[in-house]
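Structure, as structure tokens:
The values are calculated or read from the model by the stated rules, or taken from the named source; none is laboratory data. Because the structure is a prediction, the values reported are computed rather than measured. FYI the Cβ positions are ideal-geometry reconstructions off the backbone, even for glycines, and counts take in every protein chain you see.
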Amino acid sequence: MKITMIGTGYVGLVTGTCFAEFGHHVTCVDKIEDKINQLQAGKIPIYEPGLDALVAKNVSEGRLRFTTNLEDAVPEAEAVFIAVGTPSSRRGDGYADLTYIYAAAKEIASFLRGYTIIVDKSTVPVGTARQVARIISEENPQADFDVASNPEFLREGAAIEDFMRPDRVVIGVESDRSEQRLREVYQPLFLRDTPIVSTSIETAELTKYAANAFLAVKISFINEIAAVCESVGADVTALAKGIGMDGRIGSKFLHPGPGYGGSCFPKDTLALMRIVQEYGESLRIVEAAVEVNSAQKARMVKKIRDMLGGSEAGKTIGVLGLTFKPETDDMRDAPAATILPALLEKGARIKAHDPKGMKEAKEYLPEGIEYMENAYAACEDSDAVVLMTEWNQYRALDLAKIKKIMREPVFIDLRNVYDPQTMKDLGFSYVGVGIK
Ligand code: UDX
């Protein structure tokens, strides 16, 4: 099938490339010339494991190409996916900014030829697909098309695997022929028995928000339980196992940490609350999860301060990991972007390292943070080390060496990577999240 992907951000680029890997012929379009030039030259603007090789393979096999020209991409497409950004609105009210979606709808309308499905891939409020349909009909009354919603559930760092082996595919459609065409797009997954949930457009749009909100609630729940564990002297790791083995609860997303971040949970929880408010309803559980997440980051600042003897002023802190999670260079809403400025402001010196995110971090973090070339350089002469992101290369650090090069052997493990007893035996003053 001939597919056009509008937007070569994270979702568009991964999805377009994976469709090409399925065997479809995919054209990815973006307005940013520089990005398209880079992609044409084989340079991938984001870090996502395996993506560079998959792009190269599909380009060389003639199934994937990049252009800025809609006229060159849309007329022959049988399916046009819209995967442009839906950031939180600049007004700061949590609403999703749909400017880019509506602009894309307007721009593609006149180039549609023959029956085409227009699929919203971006995370969009309920009702957006219908607006897209209205815009296209107004712009080009002759256009023969259907709109559909097909939310993505890709995790950064594991996006290709998530795409190729999804738990399910959700398609929101309103006609048999659009359903048929979307099923053709995902045909290779049917062969792997991937369940397809076919539903109304509104249900599909809301399913994405509900999934992310539920996961955000789950993380905030375990983060709050972790705080209770600290107070009563319980161990959240064992507790998470104890509850997670119950099939109704499930063991995933029960890892306490410095709070969830990234491009989805913070933005989508806020947007969902706004959608719900517009209908005169409220989602108190999601509101609480958002509050707990902010409190969690503040609690981490206090944890670090306490481990530094009550004040971070004049202390040197080595920080391992800056991105919101491992295997990505994404700094959007990373807990580090809240926690580190708070420490800097109180007079701490911060020496940080991240395997892939330092370039991005410089744009998100205030000046004054020193970026080090490796983990050990970040730990050297520090009064405390904070393990912020659980990159694999921080999981087997030479701890004896670290203890030797630090000024004070204080290790604050915000991802519970290390075993408390081992750390104690090595002579560290160690603290995790929700463990004794
Ligand atoms: C998420 C959803 O998982 C994905 O389905 C959706 O399409 C996009 O948003 P992503 O943001 O890439 O994906 O990362 P995810 O692995 O879900 O982690 C999000 C945040 O939660 C990270 O900051 C992570 O560190 C944190 N987290 C996750 C925890 O603190 N504990 C956990 O147990 C799991």
Qualifying residue in segment 155-171 (condition: farther than 29 Å from PRO49 by Cβ and buried (at least 22 other Cβ atoms within 10 Å of the Cβ)): no
Conditions (1) assigned to a loop (DSSP other than H, G, I, E, B); (2) at pLDDT below 95; (3) of a type outside the set (D, E, K, R); (4) out of contact with any Asp or Glu (no Cβ under 8 Å at 6 or more places or on another chain); number of the one not met by GLY309: (2)
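Which residue, of ALA133, ALA158, ALA109, is assigned by TED's automatic domain parsing to the domain that holds VAL11 and in contact with a helix residue (DSSP H, G or I) (Cβ under 7 Å, 6 or more places away or on another chain)?
Just one listed residue meets the conditions, ALA109.
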Given (1) among the hydroxyl-bearing types (Ser, Thr, Tyr); (2) closer than 20 Å to VAL29 by Cα; (3) outside any loop (DSSP other than H, G, I, E, B), index of the condition SER137 fails: (2)
Among (1) surrounded by fewer than 14 Cβ atoms within 10 Å (Cβ to Cβ); (2) part of a helix (DSSP H, G or I) - the single one GLY427 does not satisfy: (2)
Filter pass, ASN223 being in the same structural domain as ILE101 (by TED's automatic domain parsing), within 16 Å of the ligand (Cβ to nearest atom) and surrounded by 19 or more Cβ atoms within 10 Å (Cβ to Cβ): no
Single residue of LYS241, LYS252, LYS267 found to be assigned to a helix (DSSP H, G or I) and free of Cβ contacts under 8 Å to residues at least 60 places away in the same chain: LYS241
Residue in segment 4-26 that is nearest to ASP330 (Cα to Cα), counting only those that are over 20 Å from the mean Cα position of the chain (by Cα) and surrounded by fewer than 24 Cβ atoms within 10 Å (Cβ to Cβ): GLU21
Helices (runs of 4 or more DSSP H) (entirely within segment 332-380) containing at least 2 residues that are in the same structural domain as VAL410 (by TED's automatic domain parsing) and among the β-branched types (Val, Ile, Thr): 336-345
Candidate set from segment 235-268 (those that are of a type in the set (Gly, Ala, Ser) and over 23 Å from LYS436 (Cβ atoms)); member that is farthest from the ligand (Cβ to nearest atom): GLY247
Residue under evaluation ASP193, criteria (1) within 18 Å of VAL292 (Cα to Cα); (2) over 23 Å from the mean Cα position of the chain (by Cα); (3) modelled with pLDDT under 95; (4) not small (Gly, Ala, Ser), criterion not met: (1)
Selected residue (only one of GLU291, GLU278 is farther than 26 Å from ILE435 by Cα and either in the same structural domain as ALA226 (by TED's automatic domain parsing) or among the small types (Gly, Ala, Ser) (or both)): GLU278
Among residues of segment 381-422, those that are away from the ligand (no atom under 16 Å from the Cβ) and assigned to a loop (DSSP other than H, G, I, E, B), counted: 12
Candidate set from segment 149-163 (those that are of a type in the set (Gly, Ala, Ser) and over 20 Å from VAL124 (Cβ atoms)); member that is farthest from the chain's Cα centre (by Cα): ALA158
Conditions (1) more than 9 Å from the ligand (Cβ to nearest atom); (2) out of contact with any Asp or Glu (no Cβ under 9 Å at 6 or more places or on another chain); (3) closer than 20 Å to ALA334 by Cα: number failed by ALA213: (2)
Odd one out for THR269, checked against (1) polar (S, T, N, Q); (2) more than 26 Å from ARG332 (Cβ to Cβ); (3) touching a helix residue (DSSP H, G or I) at 6+ places or on another chain (Cβ under 6 Å): (2)
